[in-house]
Amino acid sequence: MKFGVENLACRRGEVTVLTGVTFEVAAGEALILRAPNGAGKTTLLRCLAGLTPPVSGKLGFSTEDVAYAAHADGLKAQLSVEENLQFWADIFGTRDITPAVETFDLESLLTRRAQDLSAGQKRRLSLSRLMLTGRAIWALDEPTVSLDTENVARFAAAITAHMAAGGSAILATHIDLGLPSARTLDLSPYRAILQDAPSDDPFLDEAFL
Amino acid sequence: MIALLRRDLRLAIRAGGGFGLGLAFFLILVVLVPFGVGPNSDILSRIAPGILWVGALLSCLLSLDRIFQLDYEDGTLDLLATAPLPLEAAATLKALSHWLTTGLPLTIAAPFLGVLLSMPSGATFWLVASLALGTPALSMLGTFGAALTVGLKRGGLLVSLLVLPLYMPTLIFGAEAVRRGAEGLPATTALLFLAAITAGCAALLPFASAAALRMNLR
Amino acid sequence: MSIWEYANPTRFMQTSGKLLPTVAVLSLLCLVIGLIWGFFFTPDDYRQGSTVKIIYLHVPSALMAINAWLMMLVTSLIWLIRRHHVSALAAKAAAPIGLTMTVIALITGAIWGQPMWGTYWAWDPRLTSFLILFLFYLGYMALWAAIENPDTAADLTSVLCLVGSVFALLSRYAVNFWNQGLHQGASLSLDKEENVADVFYLPLLVSIAGFVLLFLALVLLRTRTEIRIRRAGALVARERLS
Amino acid sequence: MPDLGKYADTVLSAYAISIVILIGLVALSVWQSRRALTRLAEIEARRNAAKSR
């Protein structure tokens, strides 16, 4: 699925951190966001996921098509791996959790409670949820944190399969995943402060007394 | 939809879920009152409806900050907000599961605790009826309060401050229904008001709660 | 020219700056005239004796306690619908004034109640309603104080104000149902039959005007303060970004 | 001073307390306003200095 944004401005708290973000991603393509810490990668991803409405600009797709994976794993410690997955499968109306379990090699962990998992195992569980959403656009915030090389490869394979099936992904990551047809987007030129764009904040009005 | 309810109930009864805490608090409160006001059963039976209602209300208050806080902290709330389930429905289900884990047990326990306060037996029906009709409103108002304070570090006390004035009409009609019932006066009017409040809350508050959640997640 | 122009902070600051001294002076004038007239030049009531003089404080403050909340309700709605920052800040500015008015109404009522009813506090429907209103003000202000992001705070307090209004009204009826009360009927109404007599009426009107103007002056002043705080915050955030 | 009769304490205390509270509110509002004004002036000055540099 092809998607894009036009002239997007996003805010974090009170401050507009990004302006004029424009890009387009074709079906089967991945976009990798590069920017220094605090430049607005998370802000942009939250905006794409529909959590933070954009200050201005257009989202050229429905946020209903975006599956968002945040920094936080969003797991319930007291529930087993299977219960966690089944819950999200029910929420997204997916019957079968086996593809997700197989892709991320979770079979042996199914009955284990999430609080007994290692950080990397939690991450895998959290990422496997993406496959349950059935959504075309994956918006991923630092997905490979605390994954070892083997599992990074597993994750890369999952994204590749997703893109081969016509999906697309937008990732904030520092690792080279070796994805086919991946483009990199540097966010630095869109940082609000560098352009000193006219602000939407009426309290910054120059004529203010 | 049912999945969220099932998960919340499961979490409530698993270790650390806090199920029964409100009930225990209710029990302790009712046991403490006779020590405070003396064992005179005349006085106790007169204040029993009020004590039981205030006790139920405070027990409800106890678990409010758990409604969204845990989901907010571990990131589940962000994911729920992007899920196909509308937040309005999520808020309703959260209120429902809160009621099932606090309001319903309280309603069932109240007549037995009424015995401890020598409540007249004629009032038992009114007590159960008023709690059954009134506690859902308490859960829904509490969910709204919890939605308002979800992003805050120490929201627990603030929730009480926000929610208590909202609880006032429910408490008044609820306790009034039991008191009138206990004295053999007609209590149906108060009960009807209570039902109306609960119905109104069910119709409107999910939208307010969902709006507050969206504002907090921004 | 439309009223929405004042929703721009700059416009609001210009206009309110010009308006504020006039309103402040007028309110002081009305308050002094009304209260002195009421205190020195009105006869005692045959039943209540000199305590009747308390109505020149009690009635206006009670009136403003409710009107302040109504104003917050309207400005909250404007913020939610049209997202004018000044509107949200005006609601924030009005809350402490409303709280103060509620406190004055409660205190003067309690002081008056002591000789009249023989007790400072009775769970009379009106007194109880004002106590509940007091709690609403407290909660509203606490929510404003607790949230860091001012826009989120404005959003959430507006929603609270909306829901709170419904429940405040509901409480009013619930409380009536709960206790029929000993409070006297409305002191002021269009129905002249039940009104307080003219000798009390005129100074009361002046004093009410004084309270309304005082409220207005304070809202303007406090809204200006809030706008300045917001501007300072916006500038500092901007500095930190660069 | 009018003759307040046996209720003098009541009336006088009501007036005294109310007026004290009102003056307190006005004083608080004025003080907050002053503080916001000076703080804003400080920041503006810093900003203008940074700009002209």
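Taken together, the values in this text are just the output of simple stated rules run on the coordinates, not laboratory data. Computed from a predicted structure; not experimentally measured. Quick reminder, even Gly has a Cβ in these numbers, built from the backbone with ideal geometry, and neighbours come from all protein chains shown.
Each of D:Val20, D:Ser33, D:Ile43 was scored by the projection of its Cα onto the charge dipole of chain D, and the greatest displacement toward the positive side belongs to D:Ile43; charges sit on the C-beta of Lys, Arg, Asp and Glu. Quote the FRET efficiency, to the nearest 0.05, computed for C:Glu239 versus B:Thr189 with a Förster distance R0 of 60 Å and r equal to the Cβ-Cβ distance. E between C:Glu239 and B:Thr189, to the nearest 0.05, is 0.45. For segment A:3-200, the relative contact order is 32 percent, taking Cα pairs closer than 8 Å that sit 6 or more residues apart in sequence and dividing their mean separation by the residue count.
Amide H contacts of A:Leu18 (H built 1.01 Å from N, in plane; Pro and chain starts excluded): A:Cys10, A:Ala192 sit under 5 Å, all sequence-distant by 5 or more or on other chains.
The ratio of the alpha-carbon radius of gyration of chain A to the globular-protein estimate 2.2 N^0.38 Å is 1.09.
Amide H contacts under 5 Å for A:Ile170: A:Leu31, A:Trp138, A:Ala139, A:Leu140, restricted to partners 5 or more places along the chain or on a different chain, H placed in the peptide plane at 1.01 Å from N. For every helix of n ≥ 4 consecutive DSSP H residues, a contribution of -39,500 (n - 2.57) applies; sum these over chain C, divide by its total residues, and give [θ] at 222 nm rounded to the nearest 500 deg cm²/dmol. So the helix-based figure for chain C works out to -28000 deg cm²/dmol. Measuring between their Cα centroids, segment B:94-167 and segment C:80-107 lie 30 Å from each other. A Förster radius of 22 Å, combined with the Cβ-Cβ distance separating A:Asp96 from B:Leu9, puts the computed FRET efficiency at roughly 0.35. Cα gyration tensor of segment C:5-92, axes a ≥ b ≥ c as square roots of the eigenvalues: rounded (a/c below 1.5), prolate (a/b > b/c) or oblate? Verdict is oblate for segment C:5-92.
If you take the alpha carbon atoms of segment C:16-175 and fit the smallest convex hull around them, that volume is 116 Å³ per residue.
Sorted from greatest to least, the principal axis extents spanned by the alpha carbons of segment D:7-52 come out as 67, 6, 6 Å. Taking every DSSP beta bridge that has both ends in the protein assembly as shown, the antiparallel portion is near 40%.
Report note on the peptides A:174-183, C:67-76: ranked by the mean count of other C-beta atoms within 10 Å, highest first, their order is C:67-76, A:174-183. Across peptide A:87-96, the average count of Cβ atoms from other chains found within 10 Å of a residue's Cβ is 4. Take every Cα pair under 8 Å whose residues are at least 6 apart in sequence, average their separation, divide by the length of chain B, and the relative contact order is 27 percent.
Using C-alpha pairs under 8 Å with a sequence gap of at least 6, the mean separation divided by the residue count of segment B:1-75 gives a relative contact order of 33 percent. Neighbour counts of C-beta atoms inside 10 Å place A:Ser56, A:Ser128, A:Ser80 in the sequence A:Ser56, A:Ser80, A:Ser128, starting with the fewest. Looking at chain A, the DSSP beta bridges with both ends there are about 40 percent antiparallel. Fewest-first ordering of B:His98, A:His71 by other beta carbons within 10 Å of each residue's beta carbon gives A:His71, B:His98. When the Cα positions of B:Ala210, B:Leu29, B:Ala137 are compared along the charge dipole of chain B, B:Ala210 comes out farthest toward the positive end, with charges on each C-beta of Lys, Arg, Asp and Glu.
The shape of the protein assembly as shown comes out oblate: with a ≥ b ≥ c from the C-alpha gyration tensor, a/c is at least 1.5 while a/b does not beat b/c.
Antiparallel beta bridges, as assigned by DSSP with both residues in segment A:1-59, represent about 100 percent of the total such bridges. Counted by Cβ distance under 15 Å from A:Gly134, the other residues give a net charge of -1, where Lys and Arg count +1 and Asp and Glu count -1. Taking every DSSP helix (H) stretch of at least 4 residues in chain A, weighting each as -39,500 (n - 2.57) and dividing the sum by the residue count yields a mean residue ellipticity at 222 nm of -8500 deg cm²/dmol. Annotation for A:Thr22 and B:Val128: the two label points, set 7 Å from Cα along the Cα-Cβ direction, are 7.0 nm apart. Taking each of A:Lys76/B:Lys153; A:Lys58/D:Lys51; C:Lys18/C:Lys92; A:Lys58/A:Lys122; B:Lys94/C:Lys92 in turn, the alpha-carbon distance tops 24 angstrom for A:Lys58/D:Lys51; A:Lys58/A:Lys122; B:Lys94/C:Lys92. Inter-chain Cβ neighbour count for B:78-88, averaged per residue, equals 6 (cutoff 10 Å, partner chain atoms only).
If you look at the Cα atoms of segment B:2-217, you get an Rg and a Dmax of 17.6, 57 Å. The mean count of C-beta atoms from other chains within 10 Å of the C-beta of residues in C:50-62, rounded to a whole number, is 4. Find how many whole Å separate the alpha carbon centroid of segment A:111-128 from the alpha carbon centroid of segment A:19-83. Measuring centre to centre over Cα atoms gives 22 Å. When shorter helices are ignored and each DSSP H run of at least 4 residues is given -39500 (n - 2.57), the per-residue value for chain B at 222 nm works out to -27000 deg cm²/dmol.
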